[in-house]
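Notes for the one structure printed next.
Each reported figure results from applying straightforward, stated rules to the coordinates on display, with no laboratory input. Owing to the predicted nature of the structure, the values given are computational and were not obtained by experimental measurement. As a convention, Cβ positions derive from the backbone with ideal geometry for all residues, glycine included, and neighbour counts pool all protein chains shown.
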Amino acid sequence: MDLIVFRLLPIVIFLVAAFLLAWWVRIFSHPSRIGEERASSFGGVVSIIFIGWAIVATVVQGQAPVLNIGQLLFFLGILIWAAQSYLQSKVRQRMLVLLPLVVIVTMFLSGILLGTGRPERIAENLSGGTTGVHMVLSMAGVAMLLGSGVFAAEQLTLHRHLKNRIFGRWFSYLPSLEDLDRLRRHSLKAGWLIVTFSLLMALVWMQIGNSTSSALISHLHPMLTLWTILTMFVLANKYGWLAINRLAATSLFLSVLVLVLLLVSLYEIFGKDFA
Amino acid sequence: MRLEMIGLNHTTSSIDIRDKAALGPDRIEETVKTLLRVHDISGVVILSTCNRTEIYISPKFHTPQADLREMFEALTGISSIEANSAYIYQDEEAARHLFRVASGLDSQLLGEVQVLSQVKDAYHKALELNSSNNILNKLFTRALECGKFVRSNTGISQGAVSVASAAVQLATRVYGSLEGHNVLLVGAGETARLTAKYLVKSGVTSWRVSNRTVANGQVVADLIGGEVVNFPPTAEDISWADLVITATSSSVAVVTMETVSSALRKNKELKLFLDLAMPRDVELAVRNLPNTYVYAVDDFKEMVASSLKAREQEAVRAEKLVMKQVKDYVDWYNSNRITPAIQQLQEVFETIRVRELEKNIRHFNEIDHEQIDLLSRSLMKKVTNHIIANLRHANTNGDDINLAKALSKVLVSEDEENLNEVLEQLDYELSH
């Protein structure tokens, strides 16, 4: 069972995602409305299958698939794809899936290479339902923030093409500037809300458990710093403190920051796996 | 195959000749009737648009090219010299030509969409006049399917190909749907009106019009359902607008950096300026302001050129898809060329069935008559289907026709005239 769920299925999922990426690359070079519609529907079905795997993995190992770095990257990729699949249904042009697909396929591959296998025993700091919920929420928040970075990158690409009068394929196939801006703001706001909730949950949990673990406190500090920066970005977007392309650039920067902090956190949690 | 076409288009004839040769709706009926009455043909469809006049014929036997030209000359009223510029295609080439036409590959503006509905109208007219036969029915339905398929599977019809449509495309690249966006129209000339018309079609309902001559501005405002405001537009008007279209004949810029800066202080949302005037109506420096995108006539021309280039690249893929569709049509035709023999077979078997049934039905109880009738039909159907399937299966190197000929000779002894007609048709198919 473990072999199927934690070894074979991730490889199948990776191959499906890689196939979808190849399909979209083909559509980009050989435009086809029917092809786009089919690939979009296929992407939607695939996202349900991906989530199905996450649920099965959770049931089998008694914890969300966040027990090692491979599982975590894999799970994050799935969350990003689910969010992107939902959001792409809100716009007419669909070519925005290309960039997230590249990110997701890379995450899946990295996850498989680092190992998605079920650990023999669950580490103490990763066991328990509250930890599971906190980690899943945090991952969902990170997925939304990374998604916002993807939209920002596409927004900046289209902005550059519009300003420099480059009327090529990207100009034609990306969603409109306003749509991308709307999606970026929605992702950012949703990411902020989820991260805030996750953080509050962790604080309440620490308070209740009267925890003074130095590991937890050292994990909390960068997260609170990130939350503060994130809140500033959300406010800047809400009140239009910067020009729209600059807001997109800051979103992209924020995504990179989130990614770096994520890697640092992963190193702290799973550091021994690298050793 | 029994298919031929003659016609002229923008590549072979001048607009004067095309005008003269055009067969408008009032002339089509008469022309079709003449063709069916005078010439030995079993079906005709006429496609007449501003760029082409083409007659698709399904003849009983192929017509010599000179006769076809003479016929075209007589029907359209053009001179014999002018008729020499007409092109003639037969069989597979004629099918290929129509499929290319329906796909927009033969259009003056590559990939244009309108021609597909013109082909559809031509076919419907033929159906209405009862002038189409099964060969033309299949040809036109396949051509229409091909036109749709090619457009859905390639980018042959994508991108803006006129300045006005380029302006609208730019607006949609910035705003997506234009519904619910405010548009300020500066100028009320022909260009401004044309672009406004495109935008109204794209769903814009909220307009302000700014024009030097208020009366002219009011005419346009009434036309698009907007209100007239000051000229030149104020910062308040620009702040209100998401999209500003300028098309005045002013020799100096009417939208200045100062006005736009002031407008942006009030409203920081994205602003798009489409400057269709020559010289420019929007100061060049506006381009450098945040949240603004400014485009001028040269940009639209560049967009159009870029779209046309992309369409040319897509045309290569489209041609391949057309070739496949033509092949499918030819395959269909070849599998149906023994149809006269099949019809004859079915008629003969049905005659035998009815005759035998009438002769023997009295031996059965009346209550069983219906069952006996059903049984005999089913029996005959099974026998004929078996023979037809084997005939179709022999569709290589004319084997099917030789078999069909043999079958016709074996089956028919009393109806000599009918037999000869079927054999003549089969011989013709074999030689073409």
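What do you get for the angle between helix B:91-102 and the principal long axis of chain B? Use alpha-carbon atoms, 0 to 90 degrees, nearest ten.
With both axes taken from Cα atoms, the answer is about 30 degrees.
Just the number, please: percent antiparallel of the DSSP beta bridges in the protein assembly as shown, rounded to the nearest 5.
45
Only four residue types carry charge here, +1 at the Cβ of Lys and Arg and -1 at the Cβ of Asp and Glu. Report the dipole size of the protein assembly as shown about the Cα centre in Debye, rounded to the nearest 20.
2860
In whole Å, what are the Cα extents of segment A:123-275 along the three principal axes, biggest one first?
58, 37, 21
Note the direction-averaged projected area, equal to a quarter of the hull surface, for the Cα convex hull of segment B:163-290, in nm².
Directional mean of the projected Cα hull area for segment B:163-290 stands at 6.7 nm².
I need the calculated FRET efficiency for the pair residue B:50 and residue B:194, taking r as the beta carbon distance and R₀ as 30 Å, to the nearest 0.05.
Result of the calculation: an efficiency of 0.95.
With an 8 Å cut-off on Cα pairs and a minimum separation of 6 or more residues, tell me the relative contact order of chain B in percent.
Result for chain B is 13 percent.
Taking only DSSP H segments of four or more residues, each worth -39500 (n - 2.57), what value at 222 nm results for chain A once the sum is divided by all its residues, to the nearest 500 deg cm²/dmol?
-28000 deg cm²/dmol
Just going by the charge dipole of chain A, with Lys and Arg at +1 and Asp and Glu at -1 on Cβ, which of A:10, A:130, A:155 is farthest out on the positive end?
Farthest towards the positive end: A:155.
Taking H as built 1.01 Å from N, whose amide H comes closer than 5 Å to the amide H of residue B:294, not counting residues under 5 places away?
So residue B:294 has HN proximity to B:273.
What are the ³J(HN,Hα) couplings of segment B:329-344, residue after residue, when phi is run through the Karplus curve with 6.51, -1.76, 1.60 and θ = phi - 60°? Round to Hz, x for glycine and proline.
5, 4, 4, 4, 4, 4, 6, 10, 6, 9, 3, x, 5, 5, 4, 5
Cα extents of chain B along the three principal axes, largest first, in whole Å?
103, 61, 38
Could you state the per residue volume, in Å³, of the convex hull enclosing the Cα atoms of segment B:95-134?
For segment B:95-134, the hull spanned by Cα atoms encloses 63 Å³ per residue.
Counting only other chains, and only Cβ atoms inside 10 Å, what mean value do you get across the residues of A:230-242?
1
Taking every DSSP beta bridge with both residues inside chain B, roughly what % is antiparallel (nearest 5)?
About 45 percent, rounded to the nearest 5.
What lysines sit close enough to residue B:148 to cross-link, taking a C-alpha to C-alpha distance under 18 Å and skipping anything fewer than 8 places away on the same chain?
Partners within reach: B:120, B:138, B:320, B:324, B:327.
Using all Cα-Cα distances in the protein assembly as shown, what percent lands in each 10 angstrom bin from 0 up to the longest?
Taking every Cα pair in the protein assembly as shown, the percentages come to 3, 11, 15, 15, 15, 14, 12, 9, 5, 2, 0.
If R0 is 51 Å, what FRET efficiency do you get for residue A:113 and residue B:148 from their C-beta distance, rounded to 0.05?
Taking R0 as 51 Å, the efficiency between residue A:113 and residue B:148 is 0.65.
Expressed as a whole percent, how much of the Cα-Cα distance distribution for segment B:4-153 exceeds 25 Å?
Looking at segment B:4-153, the distances longer than 25 Å represent 20 percent of pairs.
Would you calculate the separation in nanometres between label points at residue B:179 and residue B:117, each defined as 7 Å from the Cα along the Cα-to-beta-carbon direction?
Using points 7 Å along Cα→Cβ, the separation is 2.0 nm.
Using θ = phi - 60° and the Karplus form 6.51 cos²θ - 1.76 cosθ + 1.60, what ³J(HN,Hα) does each residue of segment A:181-193 get, whole Hz, x for Gly and Pro?
Running phi through 6.51 cos²θ - 1.76 cosθ + 1.60 with θ = phi - 60° gives 5, 4, 5, 4, 5, 4, 4, 4, 5, 4, x, 4, 4 Hz.
Could you give me D for chain A, from Stokes-Einstein at 4 °C and 1.567 mPa s, where the hydrodynamic radius is the Kirkwood radius over C-alpha pairs? Units µm² s⁻¹, please.
66
Would you please give the residues with an amide H less than 5 Å from that of residue B:186, counting only those at least 5 places away or on a separate chain, with H modeled from the backbone geometry?
Those lying under 5 Å, H to H, from residue B:186 are B:210, B:245, B:246, B:247.
Spin-label point model (7 Å from Cα, Cβ direction): what's the residue B:66 to residue A:11 distance in nm?
Taking the two extended label points, one gets 7.5 nm.
Using Cα atoms only, what is the angle between the long axis of helix B:369-393 and the major principal axis of chain B, expressed in degrees (0 to 90) to the nearest 10?
70
Putting +1 on Lys and Arg Cβ atoms and -1 on Asp and Glu Cβ atoms, find which of B:194, B:404, B:379 reaches farthest to the positive end of the dipole of chain B.
B:194
Nearest 500 deg cm²/dmol is fine: what mean residue ellipticity at 222 nm does chain B get from its DSSP H runs of n ≥ 4 alone, each adding -39,500 (n - 2.57), divided by its residue count?
So the calculated ellipticity at 222 nm is -19000 deg cm²/dmol.
Count, for each residue of B:171-177, the Cβ atoms from other chains sitting within 10 Å of its Cβ, then give me the mean as a whole number.
6
Below 13 angstrom from the Cβ of residue B:271, what's the summed charge of the other residues (Lys, Arg +1; Asp, Glu -1)?
With Lys, Arg at +1 and Asp, Glu at -1, the neighbours total -1.
Using a simple spin-label model with points 7 Å from Cα along the Cα→Cβ vector, what separation in nm is obtained for residue B:301 and residue A:121?
Those two pseudo-labels are separated by 7.8 nm.
How long are the semi-axes of the equivalent ellipsoid of segment A:52-105, taking √(5λ) for every eigenvalue λ of the Cα gyration tensor, in whole Å from largest down?
For segment A:52-105, the ellipsoid semi-axes come out as 26, 12, 6 Å.
At a Förster radius of 60 Å, what calculated FRET efficiency corresponds to the Cβ-Cβ distance of residue B:386 and residue A:30, to the nearest 0.05?
0.85
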